[in-house]
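Student: Got a structure for you, written out below as structure tokens; questions coming shortly.
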Amino acid sequence: MKFLVIGSGGREHCIAWKLLQDGSAKEVYVAPGNGGIALEYRIPLDPFDFESIANACIEKKIDAVIIGPEAPLVAGIVDYLTEKKIPTFGPTRHAAMLEGSKLYAKQIMGKYAVPTASYCEFKGRDKILSHIKSIKNFPIVIKLDGLAAGKGVCVATNRDEATKFIFENCSDDTDVFIEDYIEGEEASVLGICDGDTVLPFIAAQDHKRAFDGDQGPNTGGMGAYAPAPVITKDRLERVYNEILTPIVKGMKNEGYPFKGILYAGIIVKGDEIKVLEFNARFGDPEAQVLLPLLKNKLGALFESSINGSLKNFNLEFLPYHAITVVMASGGYPGSYEKGKIITGLDNLSPDILIFHAGTTQKDGHLITSGGRVLNVTACAESLLIARNKVYEEIKKINFDGAFYRKDIAHRALA
Ligand code: GLY
């Protein structure tokens with residue numbers, strides 16, 4: 001089969017790699033792709049230019065399109081391509097609102113009794129500011145309703161922080177809400193859905209803060225590992241029964257069946273499991289640790305989601321552990337320089353997987369072109385072995401200003 005993957009991050013490189021590695025695909029194109037994709041398979045297309053994407057599918061005789069990031073999903077790429085009879089993996093525009101509108105997700109969770117923090121919503125800066133004046137107990141969590149590229153959530157530890165976030169992010173018509181702060185350990189549980197059935201993946205854990213010890217600003221994710229032991233077999237069953245299944249049934253009942261990846265960002269404390277957020281696509285960098293452990297052919301899994309036949313699919317994972325560490329540009333997630341030459345990738349052990357993100361080729365060199373640059377990934381029979389392997393190898397890779405967290409998987413290995 002021939003696939004087209006939409007996106008340019010480590011997640012999309014990993015999807016393309018897996019489709020080729022497991023024999024699902026003869027050819028995989030990526031639009032726009034990154035420096036990890038062979039030039040003849042990169043298509044320089046804007047993920048929002050649906051018409052050009054449909055034309056490229058016809059020209060390249062693409063059998064199925066896989067959508068990586070959330071923004072084109074929320075903009076309706078699946079609806080558009082499906083209308084053109086091009087099989088496409090991912091939720092429709094309305095189903096993707098589970099990620100595109102955090103208030104919509106809250107309403108659906110309320111209606112279908114899915115456990116989440118209680119909240120109150122506001123329209124506009126003045127209303128939320130006057131409410132914040134009356135709050136006595138911090139921290140509180142402030143969330144902007146729409147997509148905000150990872151910058152729409154603030155955990156405010158005092159009134160000044162809350163006020164600053166609101167002044168910086170809210171205008172007179174911003175939809176925003178405050179929810180209770182929940183303590184606990186976070187995990188990402190993804191399920192693949194076909195509108196009726198949901199099959200849960202093993203759990204992963206991301207590391208969102210920039211620096212060791214979970215310090216510093218929030219990022220898109222600085223590393224991940226799977227399986228995450230905080231999600232025991234019992235807890236995974238509860239996530240399936242209490243979260244994923246009610247949402248998939250609920251979305252069907254609403255008239256918007258959910259197909260694609262339903263990503264539940266959850267928090268666990270003792271017997272309590274609650275949803276922090278939903279995403280409507282693979283996590284990045286979670287995909288980079290989940291897909292290398294997938295036993296099934298990824299192409300067949302995508303096909304079963306698109307065709308509505310997941311009920312008969314036996315989803316299986318290898319009994320190994322995977323870890324990925326993100327190498328980032330100095331200054332990320334703030335401003336950073338691009339164009340730094342990357343060296344050392346030729347000297348790595350053959351069992352290390354490199355998924356590119358912010359890289360491109362120029363004048364015969366591989367150079368940096370983004371904040372998150374590379375995902376250095378290892379799999380092994382234990383998490384400790386995988387962790388040691390990845391940190392041994394990552395030292396061989398260099399670019400000016402590079403940094404990475406040294407403590408990925410610290411909770412599982414503590
Ligand atoms: N790793 C977090 C996300 O993909 O949203």
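No lab work stands behind these numbers, since they all come straight from the coordinates. For clarity, every value in this text was computed on a predicted model and none was experimentally measured. Reconstructed Cβ throughout: ideal geometry from the backbone, glycine too, with neighbour counts over all protein chains shown.
Student: When only alpha-carbon atoms count, how far does segment 270-414 stretch along each of its three principal axes, as whole angstroms with the largest first?
Tutor: The Cα atoms of segment 270-414 stretch 48, 38, 34 Å along their principal axes.
Student: Hey, what did the chain get for relative contact order, percent, Cα under 8 Å, at least 6 apart?
Tutor: Rounded, it is 17 percent for the chain.
Student: Which residue fluctuates the most in the chain, going by a Gaussian network model with Cα springs under 10 Å, if the choices are 336, 256, 29?
Tutor: 336
Student: If you don't mind, another one. Please compute the length gained on full extension between residue 171 and residue 337, using 0.36 nm multiplied by the number of residues separating them and subtracting their Cα-Cα distance.
Tutor: 56.7 nm
Student: Another question, if that's okay. Please compare each pair in 2/395; 151/274; 233/274; 26/252; 208/338 to a cut-off of 26 Å on the Cα-Cα distance and tell me which ones are over it.
Tutor: In this structure, 2/395; 26/252 lie more than 26 Å apart at Cα.
Student: Give the average over all directions of the projected area of the C-alpha convex hull of the chain, one decimal, in nm².
Tutor: 19.6
Student: Determine the dipole magnitude for segment 307-414: charges of +1 sit on the beta-carbon of Lys and Arg, -1 on that of Asp and Glu, nothing else is charged, the reference point is the Cα centre, and the result goes in debye to the nearest 20.
Tutor: 300
Student: Moving to a separate point now. I need two numbers for segment 205-353: Rg to one decimal and Dmax as a whole number, Cα atoms only, in Å.
Tutor: 18.1, 53
Student: Hey, another quick one. When the Kirkwood radius is taken over all Cα pairs of segment 1-109, what Stokes-Einstein diffusion coefficient follows at 10 °C and 1.306 mPa s, in µm²/s?
Tutor: After rounding, the answer is 112 µm²/s.
Student: Taking the Cα atoms of segment 83-211 alone, what are Rg (to one decimal) and Dmax (as a whole number) in Å?
Tutor: 17.0, 55
Student: To the nearest 20 Debye, how big is the dipole of the chain about its Cα centre, given +1 on the beta carbon of each Lys and Arg and -1 on that of each Asp and Glu?
Tutor: 140
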